[in-house]
Every structure is written in C-alpha cells, then in structure tokens.
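The values are calculated or read from the model by the stated rules, or taken from the named source; none is laboratory data. Nothing here was measured: the structure is a model prediction, and the numbers come from that model. With ideal geometry, Cβ positions are generated from the backbone for all residues, glycine too; neighbour counts draw on all protein chains shown. Please note that ligands, DNA and RNA were not included when accessible areas were found on the heavy atoms of the full protein model with its side chains. Shrake-Rupley method; radii C 1.70, N 1.55, O 1.52, S 1.80 Å.
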Amino acid sequence: MAQIGVGQVAPSFRLPSGQGPDVALADYRGKKNVIVWFTKGMACPFCRQQMSQLARSYGEFAARDAEIVEVTNSTPERARVYARKFGLRFPYLCDPDYSVRQTWGLGVRSHGPVYYAKTLYAGMTAPKPETDYPGEPFKLTEMPSLLADEDMGFFIVDKGGVVRYALGGAYMTATGLRVIPSNAEILQELERCQ
C-alpha cells in the first residue's frame with residue numbers, strides 16, 4: 001500500500017491513549033487541524049527528543065487550532081506509565097499491532113539476525129540525545145519495537161480531514177535519522193490550513 005499523500009482524505013482511526021480515553025481522528029473533524037505523528041514512542045530516545053521539540057511549541061500549534069496526536073507502538077499499559085510519569089501534553093496513542101500505521105501506508109520491514117545485532121549495537125553505543133523527558137528506561141518487552149525497521153510518519157490533516165502535509169519513510173536513511181520538520185516549518189504549514 002502506498003503512503004497517504006497530500007490531498008487525500010486521512011484514514012480514520014480510534015486508538016486507546018496513555019492518558020485514558022480512546023481518541024479518534026474524527027473527534028477533531030470540523031474543530032481542529034491535527035498533526036498525526038507516527039513514532040516508536042517513549043522507549044526511543046530520538047523520539048523523546050522530537051517530542052521535546054513539539055512540546056516546546058505546543059501553545060503556538062494550539063493557537064493555530066491544531067492538536068498533535070502521537071501514534072506509537074506502545075501497549076496501553078506502558079503508555080499509561082509514560083503519561084503518568086511525564087504529564088504528556090498531547091494524546092499518546094497505542095497501535096502495538098501496527099494496524100493504523102499500515103493503513104496510512106507506513107511499512108515495517110523484516111531482516112535477518114545480523115541486521116538486528118547491528119541495530120542493537122548502534123543504539124547502545126550512540127550518544128543519547130538531549131530530551132525534556134529523561135529517565136524511565138525502556139523495558140525489555142519494548143526491545144522488538146525499538147529494533148524494528150519501521151517507517152516514521154508526520155502528517156498535517158486539516159479540519160476537513162484532508163492531508164495537507166506528508167512526510168514518511170524509514171527512520172534510518174543514507175544520511176542518518178529521518179527527522180520531523182522544524183517547529184517553524186510546522187507553523188508555516190498550519191498557517192496554510194487556516
């Protein structure tokens with residue numbers, strides 16, 4: 001399945017959140033623009049760094065009628081731990097079976113043992129990025145999702161449910177980690193949704 005692109009209607013979903021109630025994309029229809037961000041979740045130090053980036057401009061996003069929903073592969077139980085410990089500012093959603101991620105055309109690739117060993121070694125020896133969410137190390141049960149070769153995705157969906165910005169692909173690229181847009185770029189895209 002091809003990744004969802006600009007101009008397409010965003011696929012609907014309803015997922016449990018770490019903060020408690022289920023959240024559906026349709027909950028925001030006609031009310032807010034939505035940043036739909038697919039990540040590995042709080043177990044990933046690079047995702048925590050990007051969460052810090054987004055949280056710092058959360059007020060500016062909200063002033064442009066936008067909400068962020070982070071779609072992770074965390075289980076609801078683990079997501080509740082993260083939400084309690086860190087007081088997350090935006091919905092932290094749970095898609096542990098990758099069903100929503102796949103509906104949006106984001107893939108998960110399988111590899112042999114050498115790939116996973118190299119990935120584990122690289123992750124253990126890489127310098128840890130600065131984050132506003134230190135502590136709470138990942139659990140061993142989260143290791144498979146950390147090592148998974150899955151796509152990240154960053155989408156902006158307007159109040160009418162149409163995708164206005166789309167970025168997705170493998171976390172690792174030939175030049176390093178695929179990063180989310182800067183907050184200035186996100187704000188610019190949200191202005192276009194007004």
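Descriptive notes on the structure:
- Condition met for D65 (without any contact (Cβ under 8 Å) to a residue 12 or more places away in the chain, open to solvent by 10 Å² or more (accessible area, probe 1.4 Å) and in contact with a strand residue (DSSP E or B) (Cβ under 8 Å, 6 or more places away or on another chain)): no
- The condition of being open to solvent by 10 Å² or more (accessible area, probe 1.4 Å) and either in contact with a helix residue (DSSP H, G or I) (Cβ under 6 Å, 6 or more places away or on another chain) or within 29 Å of G176 (Cβ to Cβ) (or both) holds for only one of T103, T72, that being T103.
- Residue count for region 116-143 satisfying the condition of being open to solvent by less than 100 Å² (accessible area, probe 1.4 Å) and either acidic (D, E) or modelled with pLDDT under 65 (or both): 7.
- Subset of region 150-168 [in a strand (DSSP E or B) and open to solvent by 10 Å² or more (accessible area, probe 1.4 Å)]: D151, V162, R164, Y165, A166, L167, G168
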